[in-house]
Amino acid sequence: MKAHNYKPESLMMSYGYKPELSEGAVKPPIFQTSTFVFNKAEDGKAFFEVAYGLREKQQTEELGLIYSRLNNPNLEILEDRLCLWDKSDDCAIFESGMSAISTVLLEFLNPGDLLLYSSPTYGGTDHFIHHFLQKIGVDAIGFDANHSKEEIIQLIESTGRANRLAMIYLETPANPTNAIIDIEMCKEVANHFTKENQQVRMAVDNTYMGPLWSHPLEHGADLVIYSATKYIGGHSDLIAGAVLGNAEVMKRVKTLRTFLGNMASPHTCWLLLRSLETLKVRMEQQMRNAQQVADFLDGHEKVEKVYYLGLLKKGTPEYQLYKRQYTSPGAMISFDIVGGEKEAFQFLNHLKLIKMAVSLGSTESLAQHPASMTHIGVDPKARLAMGVTDKMVRISIGVENAEDIMWDISQALDAVKISQHEVNYQMA
Ligand SMILES: *Cc1c(COP(=O)(O)O)cnc(C)c1O
């Protein structure tokens, strides 16, 4: 019989777990233990030699369990399963998206290095770049979706530090505007500055689209990062992060994780294993709902503009990039309400089914006001430049019935009283 290659969704219930090692339990138990017993002193020595990189693992050798900061069955099974979606060599799970991001930046940047990043980027990442990295002598320069490859190269050269460019850090689609960055184009920028003594790594925060709808490693990224708090966890009941990439970069990431000690706990990993079983059905339902909601919002008289990849016009350069980089428009919608903060708040305060909260990618729909909530820390001028105004509302679409979501949005929009002042202000 011909070997059959299962799709990732078929392997989420079984891959990397042997029931016979756990009394036949169909699901991995929670390995709530800090340390593991060695059978022989020789085993302990062999495990440590491999774990500390003193020698490479032999092909037939199984890496033994030592201590739960280094490895734990729940952590390892989860990492093996997550690798399947992005077809990566290895994966490291962290206790939060921010610990995944900060560990990658700390490992691949040295004092004096230059970091290029796409703007807008997640508020926590932005803060880490501008407050912590700056303090240790790493300079950062931002660019956005409107910059061409030549302009980005120019920008890097204008810093006078082009020979110290060490990392390109991307977040695409951008939160909350859904602006998209061309990963392959950025890889060309990385190649342009890569020399024998200067390696330029590229990391992509794929939280908005992954691991289902975009695979940055296929487009030239060295590392892909997730806030697993979002779609991967998917139930708003845990905080976690993930980093994936080839064996060489992941060895470095995992080593730093061992010494920072910011791996996820067995219980968090167990919850994530449960979440992975329904990842595809959840994300696909969320996307189908989002497409309907976006179409509904698009024609509404109280809605000025809808930011959703499924509404890009065919034939435009953005549409071509979207088709090249993504397999779905996702489930994140932002829209400008007619009016300003007052109208946006009226809308949010009248929602009944949709919860008002930050975060995204979960089974329940969540709405928030970026200018006064997730993006309040961004410099007001920069915030306006990226299109995040007082009239913008962001909704993460969940798995509820699409008619019910639209009914809720419709009644909340009906409750909004647009003042004449705001209308005149809009037209001016
Ligand atoms: C939420 C989020 C993060 C941070 O992840 P945490 O799990 O909250 O630490 C990073 N990037 C993006 C795009 C996010 O949405």
Cα→Cβ-extended label distance, 7 Å offset, between E184 and T327, nm: 1.7
Simple spin-label estimate for K314 and H300 in nanometres, 7 Å along Cα-Cβ: 2.7
Treat the count of other C-beta atoms within 10 Å as a stand-in for reagent exposure and order T316, T194, T363, T103 from fewest to most. T316, T194, T363, T103
Helix 41-51 vs. the chain, principal-axis angle (Cα, 0 to 90°, nearest 10): 40
For the stretch 279-427, what is the charge dipole size about the Cα centre, in debye to the nearest 20, if Lys and Arg each add +1 at the Cβ and Asp and Glu each add -1 at the Cβ? 520
Could you point to the residue in L109, V338, S362 farthest towards the positive end of the chain's charge dipole, with +1 and -1 charges on the Cβ of Lys/Arg and Asp/Glu respectively? L109
Positive end of the dipole of the chain, charges at C-beta (+1 Lys, Arg; -1 Asp, Glu), about the Cα centre: which of P329, T389, V204 has its Cα farthest in that direction? V204
Largest fluctuation, G53, G339, G233 only, Gaussian network model of the chain with Cα springs under 10 angstrom, belongs to G53
Dipole magnitude of the stretch 8-99 about its Cα centre, charges +1 at Lys/Arg Cβ and -1 at Asp/Glu Cβ only, in debye to the nearest 20? 180
Magnitude of the Cβ-charge dipole (Lys and Arg +1, Asp and Glu -1) of the chain about the Cα centre, nearest 20 debye, reported as 260
What list of ³J(HN,Hα) values in whole Hz, one per residue of the stretch 226-241 in order, does the Karplus curve 6.51 cos²θ - 1.76 cosθ + 1.60 (θ = phi - 60°) give from phi, with Gly and Pro shown as x? 10, 7, 6, 4, 8, 4, 4, x, x, 10, 6, 10, 7, 10, 6, x
Take F94, F193, F132, F296 and order them by how many other Cβ atoms sit within 10 Å, fewest up front. F132, F296, F193, F94
Say we join alpha carbon atoms closer than 10 Å with springs in a Gaussian network model of the chain; which of K302, K40, K352 then has the biggest fluctuation? K40
Tilt relative to the chain, helix 266-277 - C-alpha long axis, 0 to 90 degrees, to 10: 60
Using a 10 Å cut-off around each Cβ, can you sort H131, H375 from fewest to most neighbouring Cβ atoms? H131, H375
Taking every DSSP beta bridge with both residues inside the chain, roughly what % is antiparallel (nearest 5)? 55
Considering only DSSP beta bridges whose two residues both sit in the stretch 279-427, what percent are antiparallel, to the nearest 5? 85
Note on the chain: contact order normalised by length, alpha-carbon pairs under 8 Å, 6 or more apart, percent, works out to 15
So for R0 = 41 Å, FRET eff. of S34-E284 from the Cβ-Cβ r, to 0.05, ends up at 0.60
Helical mean residue ellipticity (222 nm; -39500 (n - 2.57) per DSSP H run of 4+; nearest 500) of the chain: -11000 deg cm²/dmol
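Each value in this text was obtained by applying a stated rule to the coordinates, not by laboratory testing. In this text, all values refer to a predicted model and were calculated from it rather than measured experimentally. Cβ atoms come from the backbone with ideal geometry, glycine included; neighbour counts cover every protein chain shown.
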